[in-house]
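Comments concern the structure below.
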There are 2 protein chains.
Amino acid sequence: MVLKSKNASKPGSPPPKSGPETAVYQRQTRLQHAQERAQDYVEAIAELIAGCGEARATDLAKSLGVTHVTVIRTVQRLQREGLVTTQPYRSIFLTDSGRTLAGKARARHEKVVTFLEALGVAKSTARADAEGIEHHVSDETLKAMEKFLRSSRKGSGKPTRTY
Amino acid sequence: MVLKSKNASKPGSPPPKSGPETAVYQRQTRLQHAQERAQDYVEAIAELIAGCGEARATDLAKSLGVTHVTVIRTVQRLQREGLVTTQPYRSIFLTDSGRTLAGKARARHEKVVTFLEALGVAKSTARADAEGIEHHVSDETLKAMEKFLRSSRKGSGKPTRTY
DNA sequence: GCCGCATTGTAGCGCATGCTACAATATGGT
DNA sequence: ACCATATTGTAGCATGCGCTACAATGCGGC
C-alpha cells in the first residue's frame, strides 16, 4: 500500500490520539477517496501512455469523464505526491511509484473484471462495476476470487469474448 | 463574442440530473459519494434504532468512526433530503424514505456479505469489504451473486430476507 | 436550587472534487 | 509571419466531509 502521509498540517495542535504520520488505518474516508482517485488517474494515465504513447490532459479528462480543469488540479496533487511528473504545457508522465501503483491497480482491476465475468456478468457491466469495486476488495477477498477463477476455469478455456 | 450569461449552477434550483442522453455516463463522483454516505448513515441509524431503540448522535459517531460534528452536519443534510427527522437535542428518526433506503441498503449489504462468505472469505473480512463494495455492485452483478448463491447452496443456507 | 458533565449544536478551518469563465501557450493552416 | 483553433493553465465558486474549539442545552449529583 503506497500511502504517503503528509505530516501534520496543524502547527502545534495535534492531539496524539494516533500518530498522524503513520496513520491512515482508521476510517479516514476522505483520504481513502483521494487514494482511489489517485489510482484511477494513474491507471488511466498508464493506459493512455500504453495506447497513444503519451497522456495528455484532455484525453485524460475525456477518459475520466471530467473537465480538463479537474484533471489538471488532480494531476498537480499527484505530482505533489510523487506519482507523476509534468511540465507546463507538456504531457503527463508516471514516476516509478506511479508506474508501480498503476501496475497494481491494473492487475487488481483485471482480476476483478475477470471474476465478475466468470460470475456471469456482462463484460461492460463487469468493467463498470470493477471500477468501483476494485478499491474495496481486500487481499483476502481478491485471493478468494482467484481461487474461484482457478476452480471454475476447468476446461472452459477463456470465456467467450463478447465485446 | 463570448457568451457571458450562464445559468449553470444555482444553489437553489433542482439538480438537472436528467441530462442529455448523449453523455449519460457522467461520472458525478461527488454526488455518488454523497449517496453512499447517505446509505451508510441511514443504515447505521436503522441499526442503532433496532439495537438500542434510538439513534443518538454520539452513538452514530462512534459507530461510523467520525466525530459527532460530522454526524450532525451530515444528518442535517439527510434531513434536508427527507431521509431523517430530528429536533434539537433529540435523537434521530428515519422517515419512510429513510427506512426504505435503509432496508434496501441492508438487503444489499447482506447479500454481498453472504456472497463473499460463500466465496470463502472470513466473516469479518466479508463484512468489512461489503461495506465498501455494496455501493458499487450493479443490479446485474447482484443478481449474478444471488444466482451463484442459489447454485452453491445445496441446503446449507439461511434464507436471505429480501426486504 | 445549583453546578458539573455529557450530549448536542455552531463557528471556522482545511482539503478534495467538481464546475464555468477566462487567460496563456502551443500548433497548424494560409 | 500571422491568425484561428485547440490545448493547457489560472481564478473563483460551490459542495461535501473531516477536524478542533467553543457555546448551548439537558440531566443527574450535590
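See the values below:
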{"quantity": "Above-threshold pairs, the threshold being 23 Å between Cα atoms, out of A:Lys123/A:Lys143; A:Lys147/B:Lys104; A:Lys123/B:Lys143; A:Lys111/B:Lys143; A:Lys143/B:Lys62; A:Lys143/B:Lys123", "calculated": "A:Lys147/B:Lys104; A:Lys143/B:Lys62"}
{"quantity": "For the range A:128-145, Karplus couplings with θ = phi - 60° (6.51, -1.76, 1.60), whole Hz, Gly/Pro x", "calculated": "5, 5, 4, 3, x, 6, 4, 7, 10, 8, 6, 4, 4, 5, 4, 5, 4, 5"}
{"quantity": "Derived scalar couplings ³J(HN,Hα) [the range B:71-81; Karplus, 6.51 cos²θ - 1.76 cosθ + 1.60; whole Hz; x for Gly, Pro]", "calculated": "4, 4, 4, 5, 4, 4, 4, 4, 5, 4, 8"}
{"quantity": "Amide H contacts under 5 Å for A:Leu94, placed H, 5+ residues apart", "calculated": "A:Thr85"}
{"quantity": "Separation in nanometres of the label points that stand 7 Å from Cα toward Cβ, at A:Lys62 and B:Arg150", "calculated": "4.3"}
{"quantity": "Shortest-first nm distances, B:Gly65 label point to equivalent points in other copies (7 Å, Cα→Cβ)", "calculated": "2.5"}
{"quantity": "Euclidean distance of C-alpha centroids, the range A:105-150 and the range B:81-145, integer Å", "calculated": "20"}
{"quantity": "Inter-copy separations for A:Ser124, label at 7 Å along Cα-Cβ, nm, ascending", "calculated": "4.2"}
{"quantity": "For B:Leu31, inter-copy label distances in nm, listed shortest first [label point 7 Å out on the Cα-Cβ vector]", "calculated": "3.1"}
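Laboratory data are not the source of any read-out in this text; all were calculated from the coordinates shown. Bear in mind the structure is a predicted one, so any value in this text is a computation, not a measurement. Ideal geometry is used to build each Cβ from the backbone, glycine not excepted, and the neighbour counts take in all protein chains shown.
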